Amino acid sequence: MSLIYDAAALRRELHEMPELGLKEFRTSAYVAEKLQALGIETQTNVGGTTGVVGIIRGTEPGPVVLLRADMDALPFKIDGKDCAIHACGHDAHTAMLLAAASRLVGKVRRGTLKLLFQPAEETLKGAPAMIKAGVLDDVEYAVGAHIRPIQDVPAGKICAAVRHTASATTFVTIKGRGAHAARPHLGVNTIDVACRVIGAVQDIWLNPTEVWSAKATQIHANAGATNTVPDTCTITFDVRAGKNPLMKEYLRRINLACEMTGKAMEAEVTVDTPELCPAAEYDDDLVEEIAQSIRDTAGVENLAKDCGGGGEDFHCFKMAKPELKAAYFGVGVGATPGLHAPNMTFDEQYLPLGVNVFVDFVTKKMG
Ligand SMILES: [Zn+2]
Ligand SMILES: [Zn+2]
């Protein structure tokens, strides 16, 4: 009698052990134990992290396919206490992939199936660590999935492509000159400069038919006294763009706007964008294979239209390996009030929908 996992039951257990990125120690031990119980070859401690890879090898040549779930929870401060909560549904993703694994044992005839349980999606550190560890080296197809909030995909429906945008955090540091507030002409007020910098960034126009936005999300300046002109100010911008080339152009223009504004006001401005989360770039044929699996398992009427928004470090895979064919579907589970809300809940009866898509897709491609 083969062992079949119930995604909802696994998810309930995983929900009780929320852990932050790269600290998913209990979660990864749980995943490894569940894979090993299925007799699946299991690599732990992948790249020196909490990452886990399960491998199911076929007996005939064929594609190398990677299915990916993320494992990390989100940090919150509740009643003054730091805590971790699975508010983005990564417990659900891990549960769905384990449940799919239990149904795929013995079903892979052609090629190699890799089941990646990735750490630290929220901090965007996990995917780069998996790339560095060589997990992608032999992979030709990569498929991920995420539960969707009710605003994106209705409960019980599945979309074949979640069109994530590129996102970046840009840090701007302005150095001016402090002065007594009664003698402002002797100083360079970095708050004045910051206002112009924000205005200059907001005055950048990109193609209005594309998706893009940049907004200041943090600003800090405080000389200590209320009557001193501050000599330093830092601004943080959250930057989004629907496509990767557009993001590149946007960041170039933002750099220019910040630096030139600083120059005009005789302040020293440095701009740094240390991390970039790429936009989704999917293979149309692979997305169609996923769409077909949705039609065949959930019914034509439950194939939802593509949704968008948000970021995902899954797309670092394609950026690191341009020849990779990628797809990423979204499962409507009735999540409310929205992802990243500490009280996010959803209906676990819909988790098998995602499991079925994984199983059907792999069976068709590798069975
Ligand atoms: Zn998230
Ligand atoms: Zn997430």
* Asked: For Gly62, are the conditions met, namely being surrounded by fewer than 22 Cβ atoms within 10 Å (Cβ to Cβ), outside any strand (DSSP E or B) and either away from ligand 2 (no atom under 16 Å from the Cβ) or assigned by TED's automatic domain parsing to the domain that holds Val357 (or both)?
  -> no
* Residue list for segment 1-48, filter: in a helix (DSSP H, G or I) and touching a Pro at 6+ places or on another chain (Cβ under 9 Å) -> Ala7, Ala8, Thr27, Ser28
* Please specify each residue of segment 215-240 satisfying the condition of being out of contact with any helix residue (DSSP H, G or I) (no Cβ under 8 Å at 6 or more places or on another chain) and of a type in the set (A, V, I, L, M). => Ala223, Ala225
* Select from segment 209-226 the residues that are open to solvent by 60 Å² or more (accessible area, probe 1.4 Å) and not hydrophobic (A, V, I, L, M, F, W, C) and list them in ascending order. => Thr209, Glu210, Lys215, Thr217, Gln218, His220, Asn222, Gly224, Thr226
* Structure fact -> Note on segment 280-328: residues part of a helix (DSSP H, G or I), within 16 Å of ligand 2 (Cβ to nearest atom) and of a type in the set (Asp, Glu) are Asp313
* Asked: Thr123 is checked against (1) β-branched (Val, Ile, Thr); (2) under 27 Å from Met344 (Cα atoms); (3) modelled with pLDDT of 95 or more and fails just one. What number does that condition carry?
  -> (3)
* Structure fact -> Within segment 334-354, residues being in contact with a Lys or Arg (Cβ under 7 Å, 6 or more places away or on another chain), of a type in the set (A, V, I, L, M) and more than 13 Å from ligand 2 (Cβ to nearest atom) number 1
* **Options Asp296, Asp238, Asp272, Asp284; residue that is of a type outside the set (S, T, N, Q), closer than 19 Å to Ala194 by Cβ and open to solvent by 70 Å² or more (accessible area, probe 1.4 Å)** => Asp272
* Find all pairs meeting these conditions: Cβ atoms under 7 angstrom apart; at least six residues apart or on different chains; first residue within segment 84-113 and of a type in the set (Ser, Thr, Tyr); second residue open to solvent by 10 Å² or more (accessible area, probe 1.4 Å) and more than 12 Å from ligand 2 (Cβ to nearest atom). => Ser102/Leu3; Ser102/Ile4; Ser102/Tyr5; Ser102/Leu38; Thr112/Ile55; Thr112/Arg57; Thr112/Gly58; Thr112/Val64
* Considering only segment 65-78, state which residues are more than 14 Å from ligand 2 (Cβ to nearest atom) and modelled with pLDDT of 95 or more. => Val65, Leu66, Leu67, Phe76
* Out of all the residues in segment 80-97, is one or more of a type outside the set (A, V, I, L, M), more than 16 Å from ligand 1 (Cβ to nearest atom), crowded, with 18+ Cβ neighbours inside 10 Å and closer than 16 Å to Val359 by Cβ? -> no
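Has segment 87-96 got any residue that is charged (D, E, K, R), in the same structural domain as Gly58 (by TED's automatic domain parsing) and within 16 Å of ligand 2 (Cβ to nearest atom)?
yes
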* Pairs, please: C-beta under 6 Å, at least 6 apart or cross-chain, first residue open to solvent by 40 Å² or more (accessible area, probe 1.4 Å) and in segment 189-208, second of a type in the set (Gly, Ala, Ser)? -> Ile191/Ala221
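The values are calculated or read from the model by the stated rules, or taken from the named source; none is laboratory data. No experiment lies behind these values; they were computed from the predicted model shown. Glycine also receives a Cβ, built like all others from the backbone with ideal geometry; neighbour counts cover every protein chain displayed. These area figures cover heavy atoms from the full protein model, side chains too; ligands, DNA and RNA do not enter into them. Shrake-Rupley method; radii C 1.70, N 1.55, O 1.52, S 1.80 Å.
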